[in-house]
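Step one of this worksheet: look at the structure below.
The values are calculated or read from the model by the stated rules, or taken from the named source; none is laboratory data. Note that the coordinates shown come from a computational prediction; the quantities given were computed from them, not determined experimentally. All Cβ positions, glycine included, derive from the backbone under ideal geometry; neighbour counts span all protein chains shown.
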Amino acid sequence: MSKTILEGLNPAQKEAVLHSGGPLLILAGAGSGKTKVIVHRFAHLSCKVSPEHILAVTFTNKAAGEMKERISRLIKKDIRSAWVGTFHSQCNKILRKEIHALGYGCDFSILDDSDQLNLIRHILKEFKMYEALYRGILSRISLLKSSFVGPEEFLSRGDVFGFEDKIARVYLRYQDEIKRCNSLDFDDLILLTIKLFEEHPKALKKFQDSFQHILIDEFQDTNPAQYRLMKLLAGNSGNMCAVGDDDQSIYAFRGADHTNIMNFEKDFKGAKVIKLEQNYRSTQHILDIAHHVINKNPYRHPKKLWTDRKEGEKPSLCWFGNEIEEARHIAKTARELYLKGAYAYNDFAVLYRVNLQSRAIEEALREERLPYRIIGGISFYQRKEIKDLISYMRLCSNNSNNVSLRRIINCPPRGIGASTLTKIDQIAKKKSVSLLSAMKEILKTNTVTAAIKEKIAGFVGIVEGASPKNFKTASDMLRHLYKNTGYAEFIGEDRAENTMELIASAEGIGIEAFLDKMSLLSSLDSADTGNAVSLLTFHSAKGLEFPVVFISGVEEGILPYLKAQEPKEIAEERRLLYVGMTRAKEMLWLTCAKKRRLYTKIQEQQPSRFLKDIPLECCQKIEKIPPPAKPGSVCEKKPKTFKASLYSVGSRIKHSTWGVGVVRDCCGEGDDQKITVNFPNVGIKKLALKFAQIERL
DNA sequence: ATGCGCGACCTTTTT
DNA sequence: GGTCGCGCAT
């Protein structure tokens, strides 16, 4: 058993896995086998203590899922019930059992960020504050919460300008409001768990005893609250193992504090520190330029990645007239590599700083007929119809959830508008009850017209008729709601399809479990299957790797982004580039454009300051491609028309002698049609349709 | 109560 | 270029 656990590990990894107990900090460079170490360490520990006594936390469901799977494969045990999960899901699990000690009901709802934004907007309106900055306000509040600054304390700090004062008032109100809704936001999940432990030592003791070892992934991304929670749980044993890389800290804007890494050794005296510097992902050339970029950052744990893989091709740096040419070059290069047969579509990734950059790239890829997928865009679960139906469910299972009620009270329109809602709100406040209870109150009185009463009664009827105890599964409840709320008639065909998909995904799942899952799910969790070029931001690229990576827009204003001004912010932008570069396994392109269209303005762009830190000799070529001389003469937007060919790119065919292959290119028309096919065991072949004996699969 | 036009506004976002 | 909220008109 123990032998397989150590198999294939290098000395540093082995040391990390075998470390017997006490605080351990693993500084794991990009591609150094970080997850492997955590998985193997978990397996090693589980030889002595049972898996339920190990707490392993990650930031994403995806990471947690992968970790679970790899662990159970390694130790050949079902660990589905083990404590391997995200910070938020672990806290949810604890709080569902223990939150009554803090005066909440255990049926609390979890607000997602659109719920939070709606609430903030509502509060601003109520305060007659017409700030267009509600997004900024929410993120301020979240930052304050995750660093333990309560509204009262924030208020007492005072400030002369009054804006902070306003935020403090909104903050206070926000906190009261969600408490009244028996709801928790993501920060509360962490904060209330801390509160529980700090105010109820017995509860803390119980979990401290239970968790004999703690493993934290992506430690550089923890915020002060998350770190404090982990320190509490580690208690005196200090059996805490944190794995992270300060060079990959790119979430400071969300409160992540990578100085947690620096503080670890202070907080845990005698902590063992192990560096993982051998990289298993990239070629030496890629590591070299990445190192030149990151090495300029002050305050980092010095480390230098190395590899014994081949040197590979030198990364390329290209410079184009505008973002369209840049995108075309990327698409063309990808296509050429693909046609050579060396790479599949999903070996390519195009990375960018801001989502709007994807537009030009998408267009170019379509022109080249390369399939692509955008990772991390708007997710299925953020669609209005999905969120609405979930809100109905939330309200029905937690009648105090005013946030959900506000969302759907007039959706589909049922004649309960702003004025009626205000009336309901006033009554709710006066009697300090939930909005739904206030509506029921109104029905008993004669304070509103009969017409409005009827509408209110209709809504209350819907909610009461859909009590969760009436249903066995989440899908039953959704089906019922979809019909009885009038939603079915309210939405169009394509949206109806989405709701069907939602209902299908809820099949056989309990209502509470389903709601938890929906609250704690993210866009990145949805399937990433399919063979396609990936388009994604640096942020979404973290933790991923691709044989061929294009980094677009390496320009001042994009990377570093315009809004990054402070040295701290610039340092984070630099880390973004570093994260991007270290995604590449074999080939890496850095591209820039002289002119770039941002929204409606066309801007002159300068090369990024970060490029100056890369020695010339480290790059294979610096291509300068001047913009076309005559703008009119170049095919502006030649709408390429393709005859619907029997054999489209990507389809599979069978050849009489070479067997099964994948069509990589089609050209010519009519009798002249030729296709390029890659036969895995034979290679690339060009076939004339007229002669070749092929059959479509 | 709803529908429409105008203007402001844009990062990144694991939960 | 697209979204979202506001204010005005119906």
**Request:** Report the residue count in segment A:585-602 for those that are assigned to a strand (DSSP E or B) and loosely packed, with under 15 Cβ neighbours inside 10 Å.
**Result:** 2
**Complete:** When every residue in segment A:1-22 that is in a loop (DSSP other than H, G, I, E, B) and under 19 Å from A:F264 (Cβ atoms) is compared, the one modelled with the lowest pLDDT is A:G21
**Request:** Filter segment A:339-381 for residues that are farther than 20 Å from A:R597 by Cβ, within 16 Å of DNA strand C (Cβ to nearest atom) and among the β-branched types (V, I, T) and give the result.
**Result:** A:I378
**Request:** Go through segment A:58-84 and give me each residue that's charged (D, E, K, R), touching a Ser or Thr at 6+ places or on another chain (Cβ under 9 Å) and within 14 Å of DNA strand B (Cβ to nearest atom).
**Result:** A:K62, A:E66
**Item:** Members of segment A:104-123 found to be of a type in the set (A, V, I, L, M) and either more than 16 Å from DNA strand C (Cβ to nearest atom) or surrounded by fewer than 20 Cβ atoms within 10 Å (Cβ to Cβ) (or both), listed by number
**Value:** A:I110, A:L117
**Request:** Kindly check whether there is at least one residue in segment A:4-16 that is without any contact (Cβ under 8 Å) to a residue 24 or more places away in the chain, surrounded by fewer than 17 Cβ atoms within 10 Å (Cβ to Cβ), out of contact with any helix residue (DSSP H, G or I) (no Cβ under 7 Å at 6 or more places or on another chain) and among the acidic types (D, E).
**Result:** yes
**Message:** Between A:L196, A:L189, A:L287, A:L229, which is within 16 Å of DNA strand B (Cβ to nearest atom), buried (at least 18 other Cβ atoms within 10 Å of the Cβ) and more than 20 Å from the chain's Cα centre (by Cα)?
**Reply:** A:L229
**Filter result for A:T420 (buried (at least 16 other Cβ atoms within 10 Å of the Cβ), out of contact with any Lys or Arg (no Cβ under 7 Å at 6 or more places or on another chain) and not aliphatic (A, V, I, L, M))** = yes
**Message:** It is to be established whether one or more residues within segment A:85-101 are without any contact (Cβ under 8 Å) to a residue 60 or more places away in the chain, over 22 Å from A:L204 (Cα atoms) and near DNA strand B (Cβ under 10 Å from one of its atoms).
**Reply:** no
**Prompt:** Any residue in segment A:323-330 that is within 16 Å of DNA strand B (Cβ to nearest atom), touching a residue at least 60 places away in the same chain (Cβ under 8 Å) and in a helix (DSSP H, G or I)?
**Reply:** yes
**Message:** Among the residues in segment A:134-147, are any hydroxyl-bearing (S, T, Y) and more than 15 Å from DNA strand B (Cβ to nearest atom)?
**Reply:** no
**Message:** Let me spell it out: the conditions are (1) more than 16 Å from DNA strand C (Cβ to nearest atom); (2) part of a helix (DSSP H, G or I); (3) surrounded by 17 or more Cβ atoms within 10 Å (Cβ to Cβ), and A:E336 meets all of them except one. Which number is the exception?
**Reply:** (3)
**Item:** Test set (1) within 16 Å of DNA strand C (Cβ to nearest atom); (2) touching a Ser or Thr at 6+ places or on another chain (Cβ under 6 Å); (3) hydrophobic (A, V, I, L, M, F, W, C) - A:V554 fails condition number
**Value:** (1)
**Prompt:** Which one is nearest to A:I190 (Cα to Cα), of the residues in segment A:96-113 that are in a helix (DSSP H, G or I) and of a type in the set (A, V, I, L, M)?
**Reply:** A:I99
**Odd one out for A:A564 among (1) within 22 Å of the chain's Cα centre (by Cα); (2) in a loop (DSSP other than H, G, I, E, B); (3) over 22 Å from A:R366 (Cβ atoms); (4) touching a residue at least 60 places away in the same chain (Cβ under 8 Å)** = (4)
**Item:** Restricting segment A:23-35 to residues that are touching a strand residue (DSSP E or B) at 6+ places or on another chain (Cβ under 7 Å) and part of a loop (DSSP other than H, G, I, E, B), the residue that is farthest from A:I289 (Cα to Cα)
**Value:** A:P23
**Message:** Would you confirm whether or not segment A:272-287 contains a residue that is free of Cβ contacts under 8 Å to residues at least 40 places away in the same chain, out of contact with any strand residue (DSSP E or B) (no Cβ under 7 Å at 6 or more places or on another chain) and either farther than 24 Å from A:A12 by Cβ or not in a helix (DSSP H, G or I) (or both)?
**Reply:** no
**Request:** Of the conditions (1) closer than 30 Å to A:I442 by Cβ; (2) without any contact (Cβ under 8 Å) to a residue 24 or more places away in the chain, A:R366 clears all except one; give me its number.
**Result:** (1)
**Request:** State which residue is farthest from DNA strand C (Cβ to nearest atom) when the search covers only segment A:124-138 and only residues that are part of a helix (DSSP H, G or I), of a type outside the set (V, I, T) and surrounded by 15 or more Cβ atoms within 10 Å (Cβ to Cβ).
**Result:** A:L138
**Message:** From the list A:I141, A:I79, A:I71, A:I38, exactly one residue is away from DNA strand C (no atom under 16 Å from the Cβ), part of a loop (DSSP other than H, G, I, E, B) and buried (at least 19 other Cβ atoms within 10 Å of the Cβ). Which is it?
**Reply:** A:I79
**Fill in**
A:K612 meets each of (1) within 15 Å of DNA strand B (Cβ to nearest atom); (2) without any contact (Cβ under 8 Å) to a residue 12 or more places away in the chain with one exception, condition (1)
